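This report concerns only the one structure given below.
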């Protein structure tokens, strides 16, 4: 355990923990777009910047991304000093210039008082902030169907060779966790299309409700040793099945005792 | 002292108080959440079964989770879902053979019973003691009739 000072408060943290995890646990509102607890920190959006100093630094301070900075004893952290807020405003200003139509960025920028960008807006851009959260989550889940391709201005998130990815199973975790809701998927009756690949959705044999994709179910039963029969019916029908089978036992016992 | 959560379906009257207690206990941002316990009709007369997570030993939800968001809590013995880690891939919702890992549509979250962190609200509100939270010494395993 290490103890550090955050905004004048002494806080305990585990060894080797990242600063942002401690801030989140202490319910200190530090904005972050590329952070997700399931994956390793990346430091792409730079919004979680904080001011750090130490008693022995004699008034000098440093500005670090808290998601990538491990805690150490005697650290003095300020999450909302004037300089930090100014840094965040600059980052949000640049985000607004690059993604003028993104509601998520506009909302966050509004919280910090940036309503209009002071830079020239980029025409013909998209809402992807290139934080790599989708690719990191895809890697973490073990599919690695998408990655960032190209460099500089041409950098973007895409499947290999910009074709329908063979490794994708259509779990939609990339789209669900995209901070700017840029990754789109089309959900039609019994099919879902993501990354220009169409997947068939499993339907409940009892009520017809769609669940996960067929490919994802196959992956889970093959690699995680889950009975393929589990995926045949939806969660609601399975609850009903459980109630009926338990009811049979209770009813049998009740009849026996009366 | 260790406690055990007991469900006695023959005492359940289907009043759904547990559902209400659960939703208010698991409120998100001041709005009530989805209930983790479902008293369901069985098709038999005057017989309801409160369907709730069984905290299986070899749980399909834990096996299906590709990001290790579902873990057994050593203190309470329940399988807890870490909401921060969950990526909402719906694998556990599809994999649970009893349908007790479910999606909260309103908040777009995957939810499951965590026994309220070791003091289930449903047991306190159950008027007929169909749901009980009692010390492990007082729980008698039912003998075969």
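Could you check how many residues of segment A:205-231 are more than 10 Å from every other protein chain (Cβ to nearest Cβ) and either buried (at least 16 other Cβ atoms within 10 Å of the Cβ) or assigned to a helix (DSSP H, G or I) (or both)? Here the count works out to 6.
You will find that of A:39, A:30, the residue that is in contact with a helix residue (DSSP H, G or I) (Cβ under 8 Å, 6 or more places away or on another chain), more than 21 Å from residue A:134 (Cβ to Cβ) and assigned to a loop (DSSP other than H, G, I, E, B) is A:30 and no other.
Exactly one residue among A:186, A:155 is more than 14 Å from every other protein chain (Cβ to nearest Cβ), more than 22 Å from residue A:43 (Cβ to Cβ) and more than 18 Å from the chain's Cα centre (by Cα), and that residue is A:186. When residue B:55 is tested against the conditions (1) over 26 Å from residue A:244 (Cα atoms); (2) touching a strand residue (DSSP E or B) at 6+ places or on another chain (Cβ under 7 Å); (3) part of a loop (DSSP other than H, G, I, E, B), the lone failure is (1).
To keep it simple, each residue is scored yes or no on (1) assigned by TED's automatic domain parsing to the domain that holds residue A:33; (2) surrounded by 15 or more Cβ atoms within 10 Å (Cβ to Cβ); (3) not in a loop (DSSP other than H, G, I, E, B).
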| residue | (1), (2), (3) |
| --- | --- |
| A:64 | yes, yes, yes |
| A:73 | yes, no, no |
| A:77 | yes, yes, yes |
| A:80 | yes, no, no |
| A:91 | no, yes, yes |
| A:97 | no, yes, yes |
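Scanning segment A:189-204 for residues that are assigned to a loop (DSSP other than H, G, I, E, B), more than 12 Å from chain B (Cβ to nearest Cβ) and either more than 22 Å from the chain's Cα centre (by Cα) or touching a residue at least 40 places away in the same chain (Cβ under 8 Å) (or both) yields a total of 3. In summary, residue A:134 fulfils each of the numbered conditions (1) in contact with a helix residue (DSSP H, G or I) (Cβ under 9 Å, 6 or more places away or on another chain); (2) within 30 Å of residue A:12 (Cα to Cα) with the single exception of condition (2). Condition test on residue A:217, is it under 22 Å from residue B:105 (Cβ atoms) and not assigned by TED's automatic domain parsing to the domain that holds residue A:169? No, not satisfied. Scanning segment B:27-46 for residues that are surrounded by fewer than 20 Cβ atoms within 10 Å (Cβ to Cβ) and either in a loop (DSSP other than H, G, I, E, B) or touching a helix residue (DSSP H, G or I) at 6+ places or on another chain (Cβ under 8 Å) (or both) gives B:27, B:29, B:30, B:32, B:33, B:34, B:41, B:43, B:44, B:45, B:46.
The values are calculated or read from the model by the stated rules, or taken from the named source; none is laboratory data. It should be emphasised that the depicted structure is a prediction, and the values quoted were computed from it without experimental measurement. FYI the Cβ positions are ideal-geometry reconstructions off the backbone, even for glycines, and counts take in every protein chain you see.
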